[in-house]
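All remarks here apply to the structure that follows.
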């Protein structure tokens, strides 16, 4: 089977490419600006292009990544299906985290630029007139991405290298974490045969900073300090009913995976 991964150099995209190739599939990984994406049948497309931690410093790149490049693909490319990777972050101001919930964002708040561009990308997918286009809203994906500035990677790195974690959000802050293995396992199933047009890809369970830190301290012996300006930031639990009902999806719990994550990073540091 033929797949195309756009954004294959990123954490999710690179792991997805490796998974598809292990399964014996043909997998195209065009570079940005490659005209081939408009000249041949792309098969099943995964749109993994996006910005995360640095979107505030790169607002124009964020719009191009989440919206403009997507618009070109939807308008000009030939494909069997397209799966756009969005984010459960957009539920931040919503009353519910079900896929059919109403979403809210403030264009005057710079922190909402990420949400607004992801929402616009989703809207383009649904307004394109192409029924073979779906959206997957991903939670906070974790794995062996230790160069990342995302929260979990950063605190594991600091615990091992500095022997000290400085927390900028309170210990009561909590959010949903989903394993990269679960993500790359379910995305091809959604792309090839999903019965819905929109899915949450998450663990369905929030984990607090306190729970994470207790485990990391046990594993590393590090110290923990809390910033005087630390705020409590918590997201509502993400609904994964669609995935569970349709695919019998059973995500891995992050607290069980932490030991392996710490060992992987320690091996990387030692070598």
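Where strands (runs of 3 or more DSSP E) fall wholly inside region 1-58, the ranges with 1 or more residues that are under 22 Å from residue 114 (Cβ atoms) and touching a residue at least 60 places away in the same chain (Cβ under 8 Å) are 2-6, 44-47. The residue pairs whose first member lies in region 197-208 and is on the phi > 0 side of the Ramachandran plot, whose second member is surrounded by fewer than 19 Cβ atoms within 10 Å (Cβ to Cβ), and whose beta carbons are closer than 7 Å, counting only pairs six or more residues apart or on different chains, are 204/237.
Based on what the data block shows, is residue 243 under 13 Å from residue 171 (Cα atoms), outside the structural domain of residue 91 (by TED's automatic domain parsing) and modelled with pLDDT of 95 or more?
In short, no.
Would region 210-225 turn up any residue that is buried (at least 17 other Cβ atoms within 10 Å of the Cβ), in the same structural domain as residue 265 (by TED's automatic domain parsing) and not in a helix (DSSP H, G or I)? Scanning region 210-225, I find at least one residue that is buried (at least 17 other Cβ atoms within 10 Å of the Cβ), in the same structural domain as residue 265 (by TED's automatic domain parsing) and not in a helix (DSSP H, G or I), so the answer is yes. In region 162-177, is there at least one residue being closer than 21 Å to residue 247 by Cα and either in contact with a helix residue (DSSP H, G or I) (Cβ under 8 Å, 6 or more places away or on another chain) or assigned to a helix (DSSP H, G or I) (or both)? Scanning region 162-177 turns up at least one residue that is closer than 21 Å to residue 247 by Cα and either in contact with a helix residue (DSSP H, G or I) (Cβ under 8 Å, 6 or more places away or on another chain) or assigned to a helix (DSSP H, G or I) (or both).
Does at least one position in region 83-99 carry a residue that is at pLDDT below 90 and touching a helix residue (DSSP H, G or I) at 6+ places or on another chain (Cβ under 9 Å)? Checked region 83-99: at least one residue is at pLDDT below 90 and touching a helix residue (DSSP H, G or I) at 6+ places or on another chain (Cβ under 9 Å). Taking the conditions (1) surrounded by fewer than 18 Cβ atoms within 10 Å (Cβ to Cβ); (2) more than 30 Å from residue 236 (Cα to Cα); (3) touching a helix residue (DSSP H, G or I) at 6+ places or on another chain (Cβ under 7 Å) in turn, residue 74 satisfies each one other than (1). Please indicate, with yes or no, whether at least one residue in region 127-134 is at pLDDT 95 or above, crowded, with 17+ Cβ neighbours inside 10 Å and in the same structural domain as residue 69 (by TED's automatic domain parsing). Looking through region 127-134, at least one residue is at pLDDT 95 or above, crowded, with 17+ Cβ neighbours inside 10 Å and in the same structural domain as residue 69 (by TED's automatic domain parsing). Identify the residue in region 226-249 that is in a loop (DSSP other than H, G, I, E, B) and out of contact with any helix residue (DSSP H, G or I) (no Cβ under 8 Å at 6 or more places or on another chain) and, among all such residues, is surrounded by the fewest Cβ atoms within 10 Å (Cβ to Cβ). Looking at the filtered set, the residue picked out is 248.
Within region 142-151, identify whether any single residue is buried (at least 19 other Cβ atoms within 10 Å of the Cβ) and either part of a strand (DSSP E or B) or free of Cβ contacts under 8 Å to residues at least 40 places away in the same chain (or both), and answer yes or no. Yes: one or more hits.
The values are calculated or read from the model by the stated rules, or taken from the named source; none is laboratory data. Everything quoted here is computed from the prediction, not taken from an experiment. We place every Cβ from the backbone using ideal geometry, glycine too, and count neighbours over all the protein chains shown.
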